[in-house]
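Single-structure report; data block below.
The values are calculated or read from the model by the stated rules, or taken from the named source; none is laboratory data. Everything numeric here is computed off the predicted structure, so don't read it as measured data. Don't worry about glycine lacking a Cβ; one is built from the backbone with ideal geometry, like all the others, and counts go over all protein chains shown. Surface accessibility is based on the protein's heavy atoms, side chains included, excluding ligands, DNA and RNA. Shrake-Rupley method; radii C 1.70, N 1.55, O 1.52, S 1.80 Å.
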Amino acid sequence: MGADQNFDWRYAAASAIDWWRDAGVDATIDEAPRNWLARAAPASPETTQSSVTAPAPQAEPLPDTLEAFAMWRGGPDTPEAGWPGTLIAATGAASSGLMILVDLPEREDAEAGILLSGAAGRLFDRMLAAIGRDRDSVYLAAVCTSRPASGRVSPEIEERLNELARHHVALAAPKRLLLLGNAPSRALLGADAARARGGLRSLNLNLGTVEIGIEAVASFHPRFLLEKPAYKAEAWKDLQMLIGGLES
């Protein structure tokens, strides 16, 4: 009896439940008796017909022009619409032939109302000047149009944002696409920037029945270059690759 008094039955029961859960048991046995060997009753014709013909829910098609997509991206149906931050639209000239995609707004971008407005933005402007461009002669957009409170996008909406980014790029149809950072590189090329950089990548995007061919270059985000200046030489190589032959 002494041993039984020291035995924690609640702990033992919880351990047993955890063991059964790990083993794949996800439901308890009915309290009422059941004949487990009885053959299941066939489904009624109405039930069978309903299960076969019930249509699966379909997502609303995305706007098929860049102007309409830009309006939709800033509206109530966009994934970031319920967030407390400001939705920041793409800027620049979509007709420039050069699109640049970043991950999400910086902390100071909400107040400025534009992407890359702080220290990373000043470095970005110098990078553009080095290849003979400025913000008016590129098309700058973000995978995520608002900054999450945590600074990170949750996995639950990451794939949806990647889908929207691919659609955005297809609508803009630039000659060259510069992907700054890991999130844009994963969204368009399926790999982090460090693995995807080092060459012009052929990118084929579908816009309805039309296939859009784009050349993409992955590189480091300006905020990364501020933290690790030693990589600026590698980023310069990426920029030269990006602009090479673009004006011809």
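Some observations on this one:
- For beta carbons closer than 8 Å, sequence separation of 6+ or different chains, a first residue in the stretch 225-248 that is in contact (Cβ under 8 Å) with a residue 24 or more places away in the chain and exposed (fewer than 14 other Cβ atoms within 10 Å of the Cβ) and a second that is β-branched (Val, Ile, Thr) and part of a loop (DSSP other than H, G, I, E, B), the qualifying pairs are Gln240/Ile131.
- Residue within the stretch 134-147 that is within 23 Å of Pro79 (Cβ to Cβ) and without any contact (Cβ under 8 Å) to a residue 40 or more places away in the chain present: no
- Filter result (open to solvent by 40 Å² or more (accessible area, probe 1.4 Å), over 17 Å from the mean Cα position of the chain (by Cα) and not hydrophobic (A, V, I, L, M, F, W, C)) within the stretch 64-81: Asp64, Thr65, Glu67, Pro76
- Leu161 meets the stated requirement of being under 26 Å from Gly85 (Cα atoms), aliphatic (A, V, I, L, M) and either at pLDDT 95 or above or open to solvent by 20 Å² or more (accessible area, probe 1.4 Å) (or both).
- Asp103 open to solvent by 60 Å² or more (accessible area, probe 1.4 Å) and at pLDDT 95 or above: no
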